[in-house]
Amino acid sequence: MSQFTVIVILLIAITVLYCSNRHQRLLTKPISKHWRTLALMLFITAIIISFSTLSKLAASFFIILILMLALMVMPFASLIKVKGLRNDI
């Protein structure tokens, strides 16, 4: 259960970090850069939870794996976003 919590926390942190970047395509306007401190606190929380439940080597591998996966997938999320439905059939 704690690994699932760590995954959710990391996904939220990556989403906040991505949405605060000026080159993001998910929102029409990026959110304020002050949200990056929240993302950093979420990263630290996920690392603490992960290191308390797993061994050090497994926790570091788990954190790096989830971060790499989320950072690769997040820019493509804007391609999946539905801009508007058209009824031209």
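The values are calculated or read from the model by the stated rules, or taken from the named source; none is laboratory data. From a predicted model like this one, the values you see are computed outputs, not experimental measurements. Note that each Cβ is placed from the backbone with ideal geometry, even for glycine, and that neighbours are counted across all protein chains shown. When the accessible area is computed, the model is the full protein with side chains, heavy atoms only, and any ligands, DNA or RNA have been set aside. Shrake-Rupley method; radii C 1.70, N 1.55, O 1.52, S 1.80 Å.
List of remarks:
- Note on segment 1-88: with charges restricted to the Cβ of Lys and Arg (+1) and Asp and Glu (-1), its dipole about the Cα centre is near 360 debye.
- Projecting the Cα positions of Ile12, Ser78, Ile44 onto the charge dipole of the chain (unit charges on Cβ atoms of Lys, Arg, Asp and Glu, taken about the Cα centre) puts Ser78 furthest along the positive direction.
- Of the solvent-accessible surface of the chain, computed with a 1.4 Å probe and all protein chains present, 73% belongs to carbon and sulfur.
- Proximity of backbone amide H atoms, modeled 1.01 Å from N, is registered between Ser20 and Ile31 at under 5 Å, excluding neighbours fewer than 5 places apart on the same chain.
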